[in-house]
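Undergrad: If you scroll down you'll find the structure; I have some questions about it.
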Amino acid sequence: KVAIKGIERELICPACKELFTHPLILPCQHNVCHKCVKEILFAFEDSFADGGSESSNQSSPRIRISASSMDRIDRINRSGIKRNSLTPRSTLFPCPGCQRDIDLGERGINGLFRNFTLETIVERYRQAARAAIAIMCDFCKPPPQESTKSCMDCSASYCNECFKIHHPWGTVKAQHEYVGPTTNFRPKILMCPEHEMERVNMYCEICRRPVCHLCKLGGAHANHRVTTMSTAYKTLKEKLSKDIEYLISKDSQVKAHITQLDLLLKETECNSERAKQEASQSFEKLYHVLEEKKSAALRAIETSKNIRLEKLQTQVEEYQGLLENNGLVGYAQEVLKETDPSCFVQTAKQLHVRIQKATESLKSFRPAAETTFEDFVVDTAKQEDILGDLSFHSNGLEIPEINEEQSRMYNKALICWECPGKTDSADIYVLEYHKLNREDESVTWQKTEVCGKSKVLSDLDDDSSYAFRVRGYKGSICSPWSREVILRTPPAPVFSFLFDDKCGYNNEHLQLNPRRTSVESRAGFPLLLGSERLQVGCYTTLDYIIGDTGIAKGKHFWAFHVEAYSYLVKVGVVPSNKIQKLFHNTHDVTSPRYEQDSGHDSGSEDAFFDSSQPCTLVTLGMKKFFIPATPAAPKDPASRILPLPSCLGICLDCDRGRVGFYDAGRMKCLYECEVDCSGIMYPAFALMGGAAVHLEEAVTAKYREYHDDI
């Protein structure tokens, strides 16, 4: 038999941490005191009514609501659901055993079974713990006698005399069941909590709880698989007996594990003490170095002080000698009393030189030493930063690496990182960043703690470079810093717009996605029908599309992607007064009639071609970026062709009348020119053949989670 005192851990309520009192069985099969269940539900309801505040979680010092349950309360309150009642009505119960929210059903507490078996075991434990304390008779006149038996039907304890009086022979009470003295009274028949007049006689295998025949006929268990109570009793008892026998048969193995764990406990104690000693020695070394530096600094200050005081004291004495009848002046006054010319000249010559020096020093007074000790200020800023980062380093914690391909700088900064081993070995990460400034030599890192492997940062300055680094923490152990990565913000605030599906949009040649963030042109059947009628030239025109929002002033930036398979794409800006000309321009741009170089040297074709353009555009296609042919551009056509960046950006400065085209990945300007911003300016795109353009999506707090889901 198992010693009753060895199972105390199984008899403690997870809520109040005391021995169970009238325990109830939750649907998750954990047990909680009846009083604790009520208190937790009351606190749960109060938390709903108060919006999940911390003060609402203090209704009872016996219980605490888990953090996950409080998060759920916050979510429900944000959704507008409010609850307030004098009785606990919530069907959800935060189980203190498994830390999960358990659905109690419509009846709530009333639908829970009381665990009489556990209650009996607790009572036996109490009796074993207080063997010397007797249970007194409930019916004796003072002073009460020690009880000899307890009646299970009357739920009371009696001495021999009182039992005979209250259970006389020949009456119904004489047939009552009595046991030894106890304070644990349990009913003879377990009744259904949902149908109080029905006894449980079946066991639901789905819900793993006793039920009555009404529960099976039309209750919550109508479609569940049930078995008879005797069968369930026999099956569960056999399983439990086999499992107990197995554990008992492994007694030696369990003892071996316990012995091993005891050794590990001792080893942990020894290793922790050794680690403490090593840490203490490391800090003692730092203390020793600091004490030496402190002593040296104080000695230097003291030496400088003594030298300065000596110089100033000497200067004081010299000036005191300039007073009448004192020092040098007094000596000179005595020399003037000499009447012998030869003796006077002999002495006065040297004295006159000293008097002249004293006169000059009096005219230009200057202290012999400085009183400030500015040269002795100790700058410890760098050392403080280093000491601030002082922590335990472990070779087992991987150094995270910032993923530059997944990181983005747009309207906000999205910084992503990963571990080389692809394992999340750290509990938390610390991301630090600072703005690169050549004028400011001191660096102040801004710090933020992150639970995941990405972070969205806002409030960064435009047209600025930032350095980023990250490290992982697991408890008090941290990894070294990752390699610093430098990213640049856009040159201006991000301008948001969608493709306009109304103004000039050609739905026969262009196809928009439902969100109007992507446009695609397809060289399909209509193009073949148009070109079939022509025998000379090539019937290929540009299909234009503009943004649905215009810009009247200020400086703005937007970015987009051009698919690598795109044959010809033009991007830029168009003023509002030339939009109609843009969509009604029927020139065949690739016909021989409009070739820029038709064999003539007059340059009239170039002049006509440039003046005919209603908007400022640059050409992209076949994975290339073409710098327009301008007087300032290189003469060699090959030098005007650049590789097409993965992401392009346009910066429009209406105040200065300039537009720039950027490699948005590096925020590097590829080409800039003047533009007439007299009207409202719109982003403009032109596509020909197979091509596609995708607008860059703004970075939001949920951007990373959204793309992970995709």
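The values are calculated or read from the model by the stated rules, or taken from the named source; none is laboratory data. What you see is a predicted model, and the numbers here were worked out from it, not measured in a lab. Here the Cβ is made from the backbone with ideal geometry for all residues, glycine too, and neighbour counts use every protein chain on show. Accessible surface is based on the protein model in full, side chains and every heavy atom, while ligands, DNA and RNA are left aside. Shrake-Rupley method; radii C 1.70, N 1.55, O 1.52, S 1.80 Å.
Undergrad: Out of (1) outside the structural domain of Cys33 (by the TED database); (2) within 59 Å of the chain's Cα centre (by Cα); (3) open to solvent by less than 30 Å² (accessible area, probe 1.4 Å), the odd one out for Glu119 is which?
TA: Glu119 satisfies every listed condition except (1).
Undergrad: Checking Arg208 against (1) out of contact with any strand residue (DSSP E or B) (no Cβ under 9 Å at 6 or more places or on another chain); (2) touching a residue at least 24 places away in the same chain (Cβ under 8 Å); (3) farther than 29 Å from Tyr125 by Cβ; (4) not hydroxyl-bearing (Ser, Thr, Tyr), which test does it fail?
TA: Just one mismatch for Arg208, condition (3).
Undergrad: Sticking with this one: Glu310 is checked against (1) farther than 23 Å from Thr380 by Cα; (2) surrounded by fewer than 11 Cβ atoms within 10 Å (Cβ to Cβ); (3) not hydrophobic (A, V, I, L, M, F, W, C) and fails just one. What number does that condition carry?
TA: If we test Glu310 against (1) farther than 23 Å from Thr380 by Cα; (2) surrounded by fewer than 11 Cβ atoms within 10 Å (Cβ to Cβ); (3) not hydrophobic (A, V, I, L, M, F, W, C), just (2) comes out false.
Undergrad: Scan the stretch 649-684 for residues that are touching a Gly at 6+ places or on another chain (Cβ under 9 Å) and open to solvent by less than 30 Å² (accessible area, probe 1.4 Å) and report the count.
TA: Here the count works out to 19.
Undergrad: I need every pair where a residue in the stretch 217-233 that is farther than 8 Å from Met202 by Cα has its Cβ under 9 Å from the Cβ of a residue that is of a type in the set (A, V, I, L, M, F, W, C) and part of a helix (DSSP H, G or I), sequence separation at least 6 or different chains.
TA: Matching pairs, first to second residue: His221/Cys215; Ala222/Cys215; His224/Cys215.
Undergrad: Follow-up question, since we're still on this one. Can you find a residue that is over 19 Å from the mean Cα position of the chain (by Cα), outside any loop (DSSP other than H, G, I, E, B), at pLDDT 75 or above and not acidic (Asp, Glu) anywhere in the stretch 427-437? Before the answer, list the steps.
TA: First pass over the stretch 427-437, keeping only residues over 19 Å from the mean Cα position of the chain (by Cα): 435-437.
Then keep just the ones that are outside any loop (DSSP other than H, G, I, E, B); that gives 435.
If we keep only those that are at pLDDT 75 or above too, we end up with 435.
Checking the rest, the ones that are also not acidic (Asp, Glu) come to 435.
Yes, because at least one residue in the stretch 427-437 is over 19 Å from the mean Cα position of the chain (by Cα), outside any loop (DSSP other than H, G, I, E, B), at pLDDT 75 or above and not acidic (Asp, Glu).
Undergrad: Which residue, of Gln315, Gln333, Gln356, is open to solvent by 70 Å² or more (accessible area, probe 1.4 Å) and not β-branched (Val, Ile, Thr)?
TA: Matching residue, one of Gln315, Gln333, Gln356: Gln356.
Undergrad: Checking the conditions here, which among Thr235, Thr231, Thr227 is of a type outside the set (Gly, Ala, Ser), part of a strand (DSSP E or B) and over 17 Å from Phe116 (Cβ atoms)?
TA: Step by step, each of Thr235, Thr231, Thr227 is checked, and only Thr227 is of a type outside the set (Gly, Ala, Ser), part of a strand (DSSP E or B) and over 17 Å from Phe116 (Cβ atoms).
Undergrad: Could I ask something else about it? Taking Ala222, is it within 51 Å of the chain's Cα centre (by Cα), exposed (fewer than 14 other Cβ atoms within 10 Å of the Cβ) and not in a strand (DSSP E or B)?
TA: yes
Undergrad: Condition first: within 24 Å of the chain's Cα centre (by Cα) and either modelled with pLDDT of 90 or more or among the acidic types (Asp, Glu) (or both). Can you find one or more residues in the stretch 491-510 that meet it?
TA: no
Undergrad: Is it the case that some residue within the stretch 193-202 is in contact (Cβ under 8 Å) with a residue 24 or more places away in the chain and within 25 Å of Glu123 (Cβ to Cβ)?
TA: Within the stretch 193-202, one or more residues are in contact (Cβ under 8 Å) with a residue 24 or more places away in the chain and within 25 Å of Glu123 (Cβ to Cβ).
Undergrad: Now a separate question. Restricting to the stretch 609-628, name every residue that is loosely packed, with under 14 Cβ neighbours inside 10 Å and not in a strand (DSSP E or B).
TA: Asp610, Ser611, Ser612, Met622, Lys623 - these are the residues of the stretch 609-628 that are loosely packed, with under 14 Cβ neighbours inside 10 Å and not in a strand (DSSP E or B).
Undergrad: Under 7 Å by Cβ, and 6 or more places apart or on different chains, what pairs join a residue from the stretch 621-636 that is in the same structural domain as Val675 (by the TED database) and in contact (Cβ under 8 Å) with a residue 40 or more places away in the chain with one that is in a loop (DSSP other than H, G, I, E, B) and polar (S, T, N, Q)?
TA: Gly621/Ser566
One line per residue, one yes/no per condition, for (1) closer than 30 Å to Lys455 by Cβ; (2) modelled with pLDDT under 90; (3) among the β-branched types (Val, Ile, Thr):
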| position | (1), (2), (3) |
| --- | --- |
| Cys647 | yes, no, no |
| Asp653 | no, no, no |
| Arg656 | no, no, no |
| Gly660 | yes, no, no |
| Ala692 | no, no, no |
| Glu705 | yes, yes, no |
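Undergrad: Still on this structure: Filter the stretch 267-318 down to the residues that are of a type in the set (Lys, Arg) and under 37 Å from the mean Cα position of the chain (by Cα) and list them by number.
TA: Arg274, Lys276, Lys285
Undergrad: Moving on to the next point. Picking from Ser464, Ser454, which residue would you name as being outside the structural domain of Phe557 (by the TED database) and over 13 Å from Ile402 (Cβ atoms)? Explain how you work it out, then say what you get.
TA: Numbers: Ser454 fails: over 13 Å from Ile402 (Cβ atoms).
Checking each option against the conditions leaves just Ser464.
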